[in-house]
Amino acid sequence: MDPGREGPGRSRDSPLHARTPRGRRQSPSRQSAAWVQARRSTECPTAPEPPGPGAGRESQQGSWADLPADILGLVVGRLPRADDRARLRSACRAWRAAGRVHGRPPPPLPLLVLSDFAFSSFCADGAMTRARRLLLPSREMAVDARCVGSFKGWLVGVQLNKGRYFGDGRCFLMNAFTRDVACLPPPSVSTHVIDAYSRSLPIANGSGAVHCTVNGAQYVMSFCKVVMSSSPDPGSKCVVAAISVHRSAAKLALWRPGMTSWCVCHGGCISKFSDIALYQGKLYMFSKLTTNLFVFDISEDDSGLMVSHVERCVAKLPEVEESYGQRWNMVEWHGKLLLVVTYIGGAGGWHNICKIGAFEVDLSTNPFRFTEINSLDGDCIFISPCSNNSFRACQYDGVRGDLIYFIDGGLYPAKNAPPFDRFEYSMRDGTMAPFAAEIPDDNLRAFDGSLMNPTWPFPSE
């Protein structure tokens, strides 16, 4: 999709731009000046006035729009940040067209989007830019909306129902660059019982069962993490998997285009989840209570998506001396499923982490076999509460490789402690250092003090 595409009712401004801080209104004169500046931003800047006749020779007036396409293509390839590329494409039609002529540039560096839709750009030197608000497509959508997941340039947003105990209301997907919106069924809704379809599945190689329902009589959910298998393009087989935690009860919800309701699943293995991942058409869920990995086979029928099989796979991970706790994150890397394990040694956040291990999961055996790796082949891994992903760091000069960047839930949520542990871990020498110090702790908390779980979008261009 073209970030600079125009259409009826679509602003020509880049969707990635700062919004006026809440509670601060612009005067009419400032609003007019801003409108004029916005109109001017859609035109290519012109070159300075040519010298007068006394310069000795006649000069021709040129325009920045006349820059050769190959030069503009090279410029785009030298812009590692997605917001800078969006600004270049939104300058004018000539720049937007020329930016794609000289080959396809490497994917831009990832963004960090907070739950209030403020974003910060990851820079080549490992620093983060200051947070700025994304412009949502409508004022109605911006009310009580929070971001709970991402896939490439797409963000997953939900809105809180009136009253916290009623769960989430509207749910939508939004492209941060084109501002295209796809609506999903509301997470909390009452439907017709006559259309309900349920299935109970015993957990193979384990105990208990998973109960799944489509078009249930009533369900209340509040999403905290949403993952996607692909972009929701027309005709795609995109699968959306969401974890809901409402009043301490956890549920798994599944959706694909065409469904008018979520497939809602609950059971003992879901109630104590640590992380989820969609990988090669299946859903993987790691349990923090039993340290087991559960595999959900997903099938399609007339009712939409439905879980067809659940299996427990024992996870036997290496023990680390002086550690008494672990955190687990799953991420896809080079077509493989990796389990990143943080071994906790004592109170005090990341300073007291005993070890961080990355394990390749062999899915061909049961129990699964875990092989520890000591290198990411120069790549980087980004971990946050709402998304985990890997990035080819070698595509840009100055970006260090074999690093794992953490902006994750605090290991010890003590009073007055930082809202998240923010640090980088080197796979090469096992050292750790602070990360994202440029983002104040206040930016990671909402007005009511709750945490604003961030996500890492990875734009494709």
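The values are calculated or read from the model by the stated rules, or taken from the named source; none is laboratory data. What you see is a predicted model; the values in this text were computed from it and never measured. Here the Cβ positions follow ideal geometry from the backbone for every residue, glycine too, while neighbour counts run over all protein chains shown. Ligands, DNA and RNA are excluded from the accessible area calculation, which covers all protein heavy atoms including side chains. Shrake-Rupley method; radii C 1.70, N 1.55, O 1.52, S 1.80 Å.
Compute, for the range 296-371, the length of the dipole vector about the Cα centre, with Cβ point charges of +1 (Lys, Arg) and -1 (Asp, Glu) only. Units Debye, rounded to 20.
Around 420 debye, computed over the range 296-371.
Let me have the relative contact order for the range 201-342, percent, based on Cα pairs under 8 Å that are six or more residues apart.
20
Quantify, in whole percent, the carbon and sulfur part of the accessible surface of the range 137-283 (1.4 Å probe; protein heavy atoms only).
53
Provide the net charge surrounding residue 329, with neighbours chosen by a C-beta distance below 10 Å and charges set as Lys +1, Arg +1, Asp -1, Glu -1.
Counting the neighbours of residue 329, the net charge comes to -1.
Calculate one ³J(HN,Hα) per residue across the range 322-331 by plugging θ = phi - 60° into the Karplus curve 6.51 cos²θ - 1.76 cosθ + 1.60, and present them in order as whole Hz with x for glycine and proline.
6, 10, 10, x, 9, 10, 10, 9, 10, 8
Which entries in the list 251/355; 272/355; 316/355 go over 21 Å, if you measure between the two C-alpha atoms of each?
As for pairs spanning more than 21 Å Cα to Cα, those are 251/355; 272/355.
Considering only protein heavy atoms, what per residue accessible area in square angstrom results for the range 347-404 with a 1.4 angstrom probe?
On a per-residue basis, the range 347-404 sits at 42 Å².
Would you mind counting up the charge near residue 421? Only other residues with Cβ under 10 Å from its Cβ, with Lys and Arg at +1 and Asp and Glu at -1.
The answer is +1.
How high is the relative contact order of the range 272-366, in percent, with contacts defined as C-alpha pairs under 8 Å that are six or more residues apart?
Computed value for the range 272-366: 19 percent relative contact order.
Which one of 317, 333, 304 has its Cα pushed farthest toward the positive end of the charge dipole of the range 297-341, where Lys and Arg give +1 and Asp and Glu give -1 at the Cβ?
317
Ignoring ligands, DNA and RNA, what accessible area per residue does the range 162-279 give at 1.4 Å, in Å²?
I get 43 Å² per residue for this part.
Please give the charge dipole size of the range 213-349, origin at the Cα centre, charges +1 on K and R Cβ atoms and -1 on D and E Cβ atoms. Round to the nearest 20 debye.
Computed about the Cα centre, the dipole is about 260 debye.
Would you work out which of 186, 224, 198 lies farthest towards the positive end of the dipole of the range 131-245, given +1 charges on the beta-carbon of Lys and Arg and -1 on that of Asp and Glu, about the Cα centre?
224
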